[in-house]
Amino acid sequence: MGILYEDFVVISQAEKPDESTVITVNCPDKTGLGCDLCRIILLFGLSIRRGDVSTDGKWCYLVFWVVGKPPTRWTLLKKRLLEVCPSHFSTSRIYSYRLENQSPKPPEVFLLKFWCSQDRKGLLHDVTVVLCELELTIKRVKVSTTPDGKVMDLFFITDTRELLHTRKRKEETVNCLEAVLGNTLMSCEIELADLEVTACSQGSSFLPSAITGDMFSLEMPAGPPSGFLPSTPVSIAVDNTLSPSHTLVQILCQDHKGLIYDIMRTLKDYNIQVSYGRFFANPKGNCEVDLFIMQADGKKIMDPNKQNALCSRLRMELVCPLRVAVLSRGPDTELLVANPVELSGRGRPLVFHDITLALKSLNICIFSVEIGRHMIHGREWEVYRILLDEADGYCEPRNKIQNHVRKILMGWE
C-alpha cells in the first residue's frame, strides 16, 4: 500500500507555548518544492526555527520546526501545503504528458472598490488583515484621499479559493470589511476586473533614476547605501570534496523572517536541486545552513564562475531580501519598498501587510499607494510606493520610518 495523499503532510502541533510545531512532508519530489512549501509557511506568518530536507530525486522527506503567533489555521495550512505537493502520479508518463501539454490557468483578477467617509490611522492595515484572513491575494492597490477627507480604495485581488465569482463569497468579503470599517464604510463593490480597468489602474511605469540606481543593484556594495539592510556578516562556503556527487554549500548568517524561503527561491531560480539540507536558527538570532546540491543535469557545480555567481546572489538575497527607502516626492514624503519576484512570477507574501502594520504602529496615515511590477537590471521587481499623509504637519523622521519598516519586514521587531 502506498501513502495516502492526505498523509503527504502531517502537522504535530506544539503542546506548550515555548515548543515548536513540527510539519512533516513526505511526497514525490520536484525542483523548487522546498521554495513552494517555505513560501506557504511564510504566508501563514510562521517562522522556521529548524529544518531537515532529503530526497533521492523522486521522493522527498522534509521536516520543519515552526513557531508563530496564535491562532494559526492548521487545517487550512495543511490543505495549502498539500496543494503544492506533486501527487503519486508525478512519476508516471501520463502525469508528465499532462504537465507538458496543459499550462496552468491564470487566476481571475477581481476589483474590490470601496468608499470610506473618513480616513484614519491604520485603516489600510485593517483592510489588508481582513483580505489575508480571507485568502484574497492583493495584486495591486490604488488608494486616494479626496480634499474633503473621504477615501477611495481600489484593490485588485485574486482568490486562493477561486470562489470570488460566487454571491456567497462576495457577501462574506463585504461583511468582514463592514465589521472592521464600521459606519465609515459608505459603499463596497466586487466585480471581475476587465483588461481596460486593469491597465488603467497600473499607474506610472516610470521610476526615477535615483530609485533605480544603487537601490536595485544586484552587486554587493562597498558600503551600505540607502535601502540596504545592516546585518551581521554573511559567510558562504562551497566544498566539492565531501561528496562524490553533490556540492556542499554552508551558510552562516543573521536570521530574518523568510530566510529559508529566500535561500530556496534563489536555488529554484537557478534550477538547482537540494538533495539534502539542514538548517538551524539559534536563540541569539543566527542561522546555520548546510545544503548538498546539484545542477539540473545531476552534476556538481565545478565551474568557479558558476560557484561565484551563486554565492554572490545568495549573499545579496540574505543581506537585503527587501529594499527600503524613504524619499522626497516633491514636497511630500514617499516610502518605497521593493522585493524581487520569483521567475515563476510570484512575489513575496505579506509585504504589504507588514508595511501597513509598521506605519500603523508609527501612527502614520497613508495618502496614496501604488503597487506595480518593474523590470530593472534584467530582473522583475514588485515595487510598493506609498505616499505618506503629512496633512497634520507632523511626521516621524525619515530614518526612523525607514528603519522601523525594515525591522517589521525582517521580523526583527
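Using a Gaussian network model of the chain with C-alpha springs under 10 Å, which one of 36, 297, 354 is most mobile by mean-square fluctuation?
Of 36, 297, 354, the most mobile in the Gaussian network model is 297.
Over the stretch 320-413, what is the relative contact order in percent, taking alpha-carbon pairs closer than 8 angstrom and at least six residues apart?
It rounds to 33 percent for the stretch 320-413.
Along the charge dipole of the chain, pointing to its positive end and built from +1/-1 on Cβ of Lys, Arg, Asp and Glu, which listed residue (61, 254, 374) has its Cα farthest out?
It is 61, whose Cα lies furthest towards the positive end.
Relative contact order (percent) for the chain, with alpha-carbon contacts under 8 angstrom and 6 or more residues of separation?
Rounded, it is 17 percent for the chain.
Where the only charges are on Cβ atoms (+1 Lys, Arg; -1 Asp, Glu), what is the dipole of the chain about its Cα centre, to the nearest 20 debye?
500
In degrees from 0 to 90, rounded to the nearest 10, what is the angle of the helix 33-43 Cα long axis to the longest principal axis of the chain?
30
By counting other Cβ atoms within 10 Å of each Cβ, how are 276, 261, 384 ranked from fewest to most?
Arranged by neighbour count, lowest to highest, 276, 261, 384 become 276, 384, 261.
Which one, 376, 366, 263, has the greatest fluctuation when you compute a Gaussian network model over the chain with C-alpha springs under 10 angstrom?
376
Just to confirm a number: summing +1 for Lys and Arg and -1 for Asp and Glu over residues other than residue 381 whose beta-carbon lies under 10 angstrom from that of residue 381, what do you get?
+1
Mind telling me which of 28, 331, 340 comes out most flexible in a GNM of the chain, alpha-carbon contacts under 10 Å?
With Cα springs under 10 Å in the chain, the top fluctuation among 28, 331, 340 is at 331.
Please report 302, 264, 316 as a ranked list, fewest other C-beta atoms within 10 angstrom at the top and most at the bottom.
With the sparsest Cβ surroundings first, the list reads 302, 316, 264.
Which number do you get for Rg(Cα) / (2.2 N^0.38 Å) in the stretch 105-202?
1.03
Quick check for me: using +1 on Lys/Arg Cβ and -1 on Asp/Glu Cβ, what's the dipole size of the stretch 110-166 about its Cα centre, in debye to the nearest 20?
It works out to roughly 200 debye.
Which of 383, 66 has the fewest other C-beta atoms within 10 Å, and how do the rest follow up to the most?
Ascending Cβ contact count within 10 Å gives the list 383, 66.
Just name one of 72, 82, 237: the one whose Cα is farthest towards the positive end of the charge dipole of the chain (beta-carbon charges, Lys/Arg +1, Asp/Glu -1).
The Cα lying farthest towards the positive end belongs to 237.
Could you work out the helix-only [θ] at 222 nm for the chain, with each DSSP H run of four or more residues adding -39,500 (n - 2.57) and the total divided by the number of residues, to the nearest 500 deg cm²/dmol?
-8500 deg cm²/dmol
Given a Förster distance of 41 angstrom, what is the FRET efficiency for residue 361 paired with residue 165, based on the Cβ-Cβ distance and rounded to 0.05?
With a Förster radius of 41 Å, E is 0.70.
Read-outs throughout are calculated quantities, based only on the coordinates presented, and are distinct from any laboratory measurement. Computed from a predicted structure; not experimentally measured. Please note: Cβ atoms are built from the backbone with ideal geometry, for glycine as well, and neighbour counts cover all protein chains shown.
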